[in-house]
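The structure under discussion appears below in the form of C-alpha cells.
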Amino acid sequence: MRRAFDLSNWRPFLSGPLDSIRLWFRTLAHGRFESDQGAAIGRKTWINTFRARSDKVIAIGRVMAAVGSLFIVQLEATNPAFGSELVFAILAAYLCYAVVAAFRVLNAEISRVRGTLIRHVVDVTAFVVLVFLTQRVSGPSFIFTPFLLLSATLHWRWRGALWTAAVCFAVLLYATVSDTAVLRDPHVDSALELSRILFVAMAATVLIWLGSHQEAVRTELLRLVERAPAQPEGRDWPAAAALDYAAHVTRVPRALLIWSDGEEPWTNLAVWENGASHVKRLPPDAYLPWTAAGLQRASLLVTDAKRARLLVHRGDGRFDRWTGDAPPISPALIADFSMVSAVSVQFQVNDLEARLFLLDPPTPTLDDVAVAEIIADRLKALFEQAILVRRLSDAAALEERLRIGRDLHDGVLQSLAGTALHLQALRASAGGAPEELDRRLVAIQAMLADEQRDLRTFIRALEPGQDNLHAGQSPLALQFDALAERLRKQWSIDFHFVLEPTDFHLPATMIYELSRMTSEATANAVRHGAARTLNASLRLDAGTIVLTVDDNGKGFGFDRRVEHAELESGKLGPRSLRERVAAHGGQLTIDRVEQWTRIIIRIPTHR
C-alpha cells in the first residue's frame, strides 16, 4: 500500500500530456474569453445562477451514486476488497452525507452558490479513497467517475472538467498500473480495466469541449445583452452604432452595412474597422444586386467568397450549400472590401432594405449565423426607431410651421388689416382738419410700432435657446387690459374685458395663446361680421380656462349652438382659431344668443 501512494511511479507518464493540455486551455481561455471588467461581473452573475440551479441535480446524482456503490458492494460481497467492512462503512457514511446535503439543497427557498467547492472536494476524496482501498478500476469507485465529471462541468465548465478528469484519470491509471494482478493473472480481464480508463478519457474530452463551448456561447449571449446599440441624436441613420454593436458581440475585425431607403435616391454604405467607422452615400445602383436573387432573404455563412463557397440558411436551422451559377455576392463588393470569409444577414423595415456583413470571423461556425440573426433583429428595431424619430421630426417641423403660420395670421396680418382700415378711413377724410389727420396718423404710427415690437419678439422666440421666452407666471389683468386698449385702437370698436377672478395667474405661454385667440376672434367679428361692440370674459372653471367673446355682428350664419366636433368634421367656423384651440386640446363652440354671436373656448389647464 505504501508503494501505491508513491507518486513518483506515475508522474513521468502524466506530466507531459497534462502540461500540454494545460497550456492549450490557458491559450484558449486568454484568447476567446477575454473581456472587460463589466462583462466579467455580468458573466459571473449569469454563471452563478446556472450553478445554483444545477446544484439540485448534482445533489440527486450524489445520492444515486452512493446508493449504487452500496448496491455493487452487496453484489460483490465475496470479493475481499469490495466486501471489506471499511469500504462499506465509508460508503454508508458517504450516503448519509449525500442525503443531508440533498436535503439542504432541495429545501432551500432560493438556490445559491454556497459550499459547492467543498462538496466537490468531498466527492473526489471519497472516490480516491475507494480506489486505493479496493485497488481496482471497477467496482463501487467507478460509478463515481461520470458523476464527478458531470458535476464539475456543470459547476466550473471546462476548467472543472479538466482538473477533475486529470485527478480521476491519474488515480485510475495508477490503480491499473500498480495492480499486478491485471498484468499477471490470466483470470483478470485487463482489457476491461483499461477500457474503463479509456472511457474516462473519452468522457473527459467530450465534457471539456462541452464546457468550453457552453462558456463561449454564454459569453457571446452576454455580449448580446450587456449593452444595446445607441440611437444617435437627430435624423442621422444609426449605422455607426449598429456596426459597433455587431462587432462588439461577434469580435470581428471588420463589419459592413449596406442599405437603401425607398424615400432616398441613393444607397448608403457604412464600414467599421478596428473601432473606426465611416458612412458614405453611393449611387442607387451601387453593388446591385448585393446578393443573388434567391439569397435576398437568406442568411449566409461564407467560407471563401471569391470561390463562392458558402452555406445558405433559409430558416428552421437548415443549411444548404450554394450551388447556383450566378455569383452569390456582388463581385464588386467582394473586390472592394477584400472579402474572404463572412457572416451575412439581412433585415427589412418598411421600404428600407439592409444587409449586414461580418467580415473575417475568427472561426466561422453555424452558431455565428444564429447570433448574427439575433443581432439583425436588434438592428432592425434600431432602424425602426430611427425611422420613427424621422417621422416625428417631420411631424414636429410641420406642426411648428403651422404654429408660425397661425401666429403670423392672428398677429401681424390682423394688425396690418386693422391698419389698412385706418388708412382707408383716413383717405376718406382727406379734406378734414389737419389736427384730426395728424392725430390719426400718430395713432397708425403707434400701432405699427407696437406691431414691429411684437414681430421682433416673435422672431426672437424662434431662435435656438429662446424656448423660455414666454416661461413663468404673469398677471392676466395687466396683459389683457393692454390687449383691450390695443384692439379698441386697432379696429375702432367698443371692446370690454372682464376677468374672473381678477387675481389669478397663468403661465406666460398660455396668456400669449389666449391673447392670440382673442385677437383672432375680434378680427373675425369686425372684418366678416361688421361688429362694433365686443364683450370678452376669461374665467377659471374647475380646472378649465373658459374664454368667451360676444359680438353684435352678423355671426357665421348659424342659428343654433354648434359644438367643436361638428366644427371639426364639417370644417366650419374660423379655421385658424379652430386649429389653435385644437392644438392645445381645447374645445371651440359657436352659439347665437339673441342678437349676439358668442364664441366659447375651453382649454384644460393640465394636459
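Search segment 196-231 for residues being part of a loop (DSSP other than H, G, I, E, B) and in contact (Cβ under 8 Å) with a residue 40 or more places away in the chain, and hand back the single one that is surrounded by the most Cβ atoms within 10 Å (Cβ to Cβ). Among them, the one singled out is PRO229.
Tell me, please, whether a residue that is within 20 Å of THR267 (Cα to Cα) and of a type in the set (A, V, I, L, M) can be found in segment 370-378.
Going through segment 370-378, the residues within 20 Å of THR267 (Cα to Cα) turn out to be 376.
This time we only want the ones that are of a type in the set (A, V, I, L, M), so: 376.
Yes, there is a match, as at least one residue in segment 370-378 is within 20 Å of THR267 (Cα to Cα) and of a type in the set (A, V, I, L, M).
Given the condition modelled with pLDDT of 90 or more, aromatic (Phe, Trp, Tyr) and within 16 Å of the chain's Cα centre (by Cα), answer yes or no: does some residue in segment 353-365 qualify? Don't jump to the end; show me each part of the working.
Within segment 353-365, the first condition is being modelled with pLDDT of 90 or more, and the residues that meet it are 353-361.
Next, only the ones that are aromatic (Phe, Trp, Tyr) stay: 357.
Now drop any that are not within 16 Å of the chain's Cα centre (by Cα), which leaves none.
So far as segment 353-365 goes, no, none of its residues is modelled with pLDDT of 90 or more, aromatic (Phe, Trp, Tyr) and within 16 Å of the chain's Cα centre (by Cα).
Could you tell me which residue of segment 488-535 is farthest from TRP596 (Cα to Cα), considering only residues that are touching a Phe, Trp or Tyr at 6+ places or on another chain (Cβ under 6 Å) and surrounded by fewer than 22 Cβ atoms within 10 Å (Cβ to Cβ)? In this case the residue turns out to be ARG488. Candidates are the residues of segment 272-311 that are open to solvent by less than 30 Å² (accessible area, probe 1.4 Å) and either without any contact (Cβ under 8 Å) to a residue 12 or more places away in the chain or among the hydroxyl-bearing types (Ser, Thr, Tyr) (or both); the one that is farthest from VAL369 (Cα to Cα) is THR291. For segment 350-375, the set of residues classified as aliphatic (A, V, I, L, M), assigned to a helix (DSSP H, G or I) and touching a residue at least 40 places away in the same chain (Cβ under 8 Å) consists of LEU366, VAL369, VAL371, ALA372, ILE374, ILE375, listed by residue number. Find all pairs meeting these conditions: Cβ atoms under 7 angstrom apart; at least six residues apart or on different chains; first residue within segment 312-326 and within 18 Å of VAL343 (Cα to Cα); second residue of a type in the set (Phe, Trp, Tyr) and modelled with pLDDT of 85 or more. Between residues of segment 312-326 that are within 18 Å of VAL343 (Cα to Cα) and residues that are of a type in the set (Phe, Trp, Tyr) and modelled with pLDDT of 85 or more, the close pairs are VAL312/PHE319; VAL312/TRP322; HIS313/PHE319. Look at (1) surrounded by fewer than 18 Cβ atoms within 10 Å (Cβ to Cβ); (2) within 18 Å of the chain's Cα centre (by Cα); (3) of a type in the set (A, V, I, L, M, F, W, C) and you find that ALA241 fails only one, number (1).
The values are calculated or read from the model by the stated rules, or taken from the named source; none is laboratory data. Bear in mind that the values here come from a model prediction, so they are computed numbers and not experimental data. FYI the Cβ positions are ideal-geometry reconstructions off the backbone, even for glycines, and counts take in every protein chain you see. Only protein heavy atoms, including side chains, enter the accessible area calculation; ligands, DNA and RNA are left aside. Shrake-Rupley method; radii C 1.70, N 1.55, O 1.52, S 1.80 Å.
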